[in-house]
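The block underneath contains the structure these notes are about, expressed in structure tokens.
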Amino acid sequence: MDGNGRWAKKRALPRAMGHKAGGDAVKRTVEAAKTLGLECLTLYAFSSENWKREEGEISDLMNLMRRFIERELDAFVANGLRLKIIGDYKAFAPDIVEKLEDALDRTKNGERTLAVALNYGAQQEIARAARLAAEEGDITPEGIERHLYTADLPPLDLLIRTSGEVRLSNFLLWQSAYAEMLFMDVLWPDFGEEQLRAACEEFARRERRYGGR
């Protein structure tokens with residue numbers, strides 16, 4: 001979900017307003033995923049590298065996370081959405097961890113999944129999974145996959161990056177091995193059903209061969 005800061009800068013607004021608009025885009029996109037019948041939507045919300053940002057911006061992001069959980073949790077439950085966290089979310093402030101764990105518990109029976117990457121980095125995830133696989137004496141692709149944060153999620157089909165940047169930025173590196181990728185020029189706060197639908201239509205036109213020919 002890239003482009004919050006640039007969206008705000010284009011409008012001469014504080015970066016915090018860009019993040020707020022990005023939160024509104026999350027809500028629109030989650031609703032659009034339901035409309036389009038998507039089984040699982042994964043959002044990269046806070047990377048393990050984001051701690052390098054200025055303290056004020058990190059504080060704004062943490063407060064946005066608090067408000068988003070408080071505002072949207074009842075709707076998640078009512079709409080049968082299961083929340084899944086990938087990453088080391090327990091590194092956040094205790095009150096945020098408490099809110100997240102309450103949300104995980106209240107949504108555990110949901111039929112569709114919203115996976116949110118929080119304090120997540122794919123290289124760290126792979127190293128962690130390989131270490132755990134080694135402890136079991138099973139350093140194989142299957143052994144590593146069992147210990148990924150995404151082990152209970154369906155395979156990654158389509159990876160979308162917004163804002164025109166063409167890189168993965170340490171996101172789902174293992175899972176992206178045969179995923180289709182789409183890099184869109186739209187800034188994240190302007191993303192919604194129209195863009196998600198267009199991405200799904202582009203995905204449907206692609207031929208997936210998994211190295212077979």
Number of the exception - Arg167 against (1) in a helix (DSSP H, G or I); (2) of a type in the set (D, E, K, R); (3) under 20 Å from Phe46 (Cα atoms): (1)
Test set (1) under 15 Å from Phe46 (Cα atoms); (2) in contact (Cβ under 8 Å) with a residue 12 or more places away in the chain - Arg112 fails condition number: (1)
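Given the criterion under 21 Å from Met184 (Cα atoms), in contact (Cβ under 8 Å) with a residue 24 or more places away in the chain and out of contact with any strand residue (DSSP E or B) (no Cβ under 7 Å at 6 or more places or on another chain), identify the matching residue among Asp2, Asp60, Asp24.
On the way: Asp2 fails: out of contact with any strand residue (DSSP E or B) (no Cβ under 7 Å at 6 or more places or on another chain); Asp60 fails: under 21 Å from Met184 (Cα atoms).
The conditions single out Asp24.
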Tabulated pairs, segment 184-213, first free of Cβ contacts under 8 Å to residues at least 60 places away in the same chain, second part of a helix (DSSP H, G or I), C-beta under 9 angstrom, 6+ apart or interchain: Met184/Gln195; Met184/Ala198; Met184/Ala199; Glu194/Ala32; Gln195/Thr29; Gln195/Ala32
Unmet criterion (only one of (1) in contact (Cβ under 8 Å) with a residue 40 or more places away in the chain; (2) within 19 Å of Thr29 (Cβ to Cβ); (3) of a type in the set (Val, Ile, Thr)) for Ile160: (1)
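Quick one: which of Ala75, Ala8, Ala16 is farther than 22 Å from Thr150 by Cα and either at pLDDT 95 or above or under 16 Å from the mean Cα position of the chain (by Cα) (or both)? Quick ask: steps written out before the conclusion?
Working: Ala75 fails: either at pLDDT 95 or above or under 16 Å from the mean Cα position of the chain (by Cα) (or both); Ala16 fails: either at pLDDT 95 or above or under 16 Å from the mean Cα position of the chain (by Cα) (or both).
Just one listed residue meets the conditions, Ala8.
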Residue check for Ser176: touching a strand residue (DSSP E or B) at 6+ places or on another chain (Cβ under 6 Å) and either among the polar types (S, T, N, Q) or part of a loop (DSSP other than H, G, I, E, B) (or both): yes
Single unsatisfied condition, Arg128 versus (1) of a type outside the set (Ser, Thr, Tyr); (2) free of Cβ contacts under 8 Å to residues at least 40 places away in the same chain; (3) within 24 Å of Trp7 (Cα to Cα); (4) in a helix (DSSP H, G or I): (3)
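The values are calculated or read from the model by the stated rules, or taken from the named source; none is laboratory data. The structure displayed is predicted, hence computed values, not measured ones. Here Cβ is always computed from backbone atoms with ideal geometry, including for glycine, and neighbour counts include all displayed protein chains.
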